1. As a test question: what accessible area, to the nearest 10 Å², does VAL9 have when a 1.4 Å probe is rolled over all protein chains in place?
2. Taking 0.36 nm per residue of separation and subtracting the Cα-Cα distance, what length does fully extending PHE10 through LEU113 add?
3. Report the residues of the stretch 95-123 in range of a label on ALA47: point 7 Å along Cα→C-beta, backbone N strictly under 17 Å from it.
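The values are calculated or read from the model by the stated rules, or taken from the named source; none is laboratory data. What you see is a predicted model, and the numbers here were worked out from it, not measured in a lab. Every residue, glycine among them, receives a Cβ derived from its backbone with ideal geometry; neighbour counts consider all protein chains shown. The accessibility values were calculated without ligands, DNA or RNA, using every heavy atom of the protein model including side chains. Shrake-Rupley method; radii C 1.70, N 1.55, O 1.52, S 1.80 Å.
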Amino acid sequence: MSNETKRDVFKAALDDWKQNFISSLPRDGSFEDWSESLSDYSARYAAALPDDLPVIPMAAGDEIEIAKMRDQSIVELLEPLYSTDTLKTSQSVTGVWTWAVDHSDTFARAWVLGGWCVAETGEIVKLEAEK
């Protein structure tokens, strides 16, 4: 098993390409703007979401967005699911919460990444970090 990331592979390929291709071009400056655009692609790649985003229902995504706006932790968000009162009145544990419990790894990945694919529409959602 390798600890290499997609980013590591991309960077190695880009570095090899730059070394082998750009070094063989005439040094009249005609390709320098193009070389800078490669740096732009590298920055875009670094900021991009992973290819294997979690796929979650729209309602679960809405709950994540609301909780993040309220500055709640994932524990605070899910705490009502595990309270004795909630478990006694299982009416509260329906829909999105049942899904979140059954798919806790997927829900947690969406929470941590701050990005996911909406199951119903295929839309990619990326939460913006507050500045």
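1. VAL9 has an accessible surface of roughly 80 Å² with all protein chains in place.
2. Details: separation 103, 0.36 × 103 = 37.08 nm, distance 2.05 nm.
Extra length from PHE10 to LEU113 when fully extended: 35.0 nm.
3. Answer for the stretch 95-123: 114-115.
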